[in-house]
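S.K.: Pasting in a structure now, in structure tokens, and then I'll have a few things to ask.
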Amino acid sequence: MREEGAAQRRPRGARGIRSAVNVLVVAALTACSLQPPRARSEDASRVWDVRAGRFVSEPALVADLVDARYRLLGEVHDNPAHHAIRARLILEIGARGVHPAVVFEQFDLDHDAALQAAQAAASDVERLADAGRLDRKGWRWPLHKPIVEAALALHLPVRAGNLSRAELRARATTGGAAWHARLIAARWSDAQARALRADIVESHCGMLPEAVVPRLVLAQRERDAAMAQALVDDATRDGAILIAGNGHVRADLGVPVYLHAPGLPEADARSLSVGLVEVDPDDERASDFPRQIVARHPGFDYLWLTRPVARDDPCAAIHMP
């Protein structure tokens, strides 16, 4: 898991030194999830169309999402407003007669078959979460519950999109997987590599051991490629929606890079990336608002601006030698 901004992240293994490094990495990846937000912030939401350079209405955004085949909806993981907004968008898309699959970063591909079986048995949202082995603590359940409920209410397929840690460890034996073909086929430049590396280092407060960074960069790219393949595999006649962190839905570094990998199925299909980002009142008083927000959060077609939730400094909880 990765989102922009170290202060708002719940971003996302051997003996001796290796074991110690693994412990540090786990601490870095999970420290930000341990402090719950102290307030809900659903007010003052606005939608900025990056391409048009103007604010647009929610119905205008929904209309554009309906017209796309793949809709990638981001989040700051611990902001309740972001989950409420996306649940509403799913309901509004469904109200237009469009019935896409909903692919979740929060469910690992290991448990996708169990998710499908649970839906076939008309399971409720809690049983579905059980079937998908959702990490309730890590994902702060029930934050994502409204999104799953919206999908179930519309009888949309709820599917897993993420690679588990076990799958990442086994990647040497899964080189023939379809997602791996997307990883290899995607256009990936040195500039993108530097940007993703910098983003991961910053997102972990600059405290990651240097030897660990390349592994996390590769894991991020593999997860993004797997989510892209899941979107293609799970799409209904009306396409699919991805529910994931902002870092994953960025068109310049995330899932769209692999979704549109040249020469592969759906490479030319239209996708839209919507980032849900937090904006302080001081940002709105700046003379170049909201263009400074666009510069701070690149890679999105739309930015939905919300108030931040109150949270402790996640970097204060990380202690590395």
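S.K.: Quick check on A160: is it among the aliphatic types (A, V, I, L, M), within 18 Å of the chain's Cα centre (by Cα) and open to solvent by less than 20 Å² (accessible area, probe 1.4 Å)?
M.R.: So A160 passes the test.
S.K.: Residues to consider are H111, H77; find the one that is on the phi < 0 side of the Ramachandran plot, under 12 Å from the mean Cα position of the chain (by Cα) and not β-branched (V, I, T).
M.R.: Only one candidate passes the filter, namely H77.
S.K.: If I filter the stretch 250-286 down to residues being under 21 Å from A178 (Cβ atoms) and acidic (D, E), which single residue comes out as surrounded by the fewest Cβ atoms within 10 Å (Cβ to Cβ)?
M.R.: Only one residue fits best here, namely D268.
S.K.: Residues to consider are R194, R223; find the one that is in a helix (DSSP H, G or I) and within 16 Å of Y258 (Cα to Cα).
M.R.: Matching residue, one of R194, R223: R223.
Condition check ((1) of a type outside the set (S, T, Y); (2) part of a loop (DSSP other than H, G, I, E, B); (3) farther than 21 Å from A129 by Cα) across all residues:
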| site | (1), (2), (3) |
| --- | --- |
| V62 | yes, no, yes |
| E75 | yes, yes, no |
| D78 | yes, yes, no |
| R86 | yes, no, no |
| I90 | yes, no, no |
| I93 | yes, no, yes |
| V98 | yes, yes, yes |
| F104 | yes, no, no |
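S.K.: Would you mind listing the strands (runs of 3 or more DSSP E) fully within the stretch 236-321 where at least 3 residues are small (G, A, S)?
M.R.: In the stretch 236-321, 271-278 are the strands (runs of 3 or more DSSP E) which contain 3 or more residues that are small (G, A, S).
S.K.: All but one of (1) surrounded by fewer than 18 Cβ atoms within 10 Å (Cβ to Cβ); (2) among the basic types (K, R); (3) part of a helix (DSSP H, G or I) hold for R136; state the number of the condition that does not hold.
M.R.: Only one criterion is unmet by R136, namely (3).
S.K.: Another question about this same structure. Within the stretch 185-211, can you find the residues that are modelled with pLDDT of 95 or more, more than 17 Å from H248 (Cα to Cα) and buried (at least 17 other Cβ atoms within 10 Å of the Cβ)?
M.R.: none
S.K.: When you go through R127, R182 one by one, which is the residue that is open to solvent by 40 Å² or more (accessible area, probe 1.4 Å) and charged (D, E, K, R)?
M.R.: Exactly one of R127, R182 is open to solvent by 40 Å² or more (accessible area, probe 1.4 Å) and charged (D, E, K, R), namely R127.
S.K.: Within the stretch 60-83, identify whether any single residue is open to solvent by 40 Å² or more (accessible area, probe 1.4 Å) and within 30 Å of V217 (Cα to Cα), and answer yes or no.
M.R.: yes
S.K.: Looking at G245, G263, G239, which one is under 17 Å from A195 (Cβ atoms) and either within 15 Å of the chain's Cα centre (by Cα) or of a type outside the set (D, E) (or both)?
M.R.: Result of the check over G245, G263, G239: G245.
S.K.: Would you mind stating whether G161 is assigned to a loop (DSSP other than H, G, I, E, B) and either modelled with pLDDT of 95 or more or out of contact with any helix residue (DSSP H, G or I) (no Cβ under 7 Å at 6 or more places or on another chain) (or both)?
M.R.: Considered against the rule, which asks whether it is assigned to a loop (DSSP other than H, G, I, E, B) and either modelled with pLDDT of 95 or more or out of contact with any helix residue (DSSP H, G or I) (no Cβ under 7 Å at 6 or more places or on another chain) (or both), G161 comes out as no.
The values are calculated or read from the model by the stated rules, or taken from the named source; none is laboratory data. Predicted model only: the values in this text are computed from it and were never measured. Counting neighbours? That spans all protein chains shown, and the Cβs are built from the backbone with ideal geometry, glycine included. Note: areas computed on protein heavy atoms with side chains; ligands, DNA, RNA excluded. Shrake-Rupley method; radii C 1.70, N 1.55, O 1.52, S 1.80 Å.
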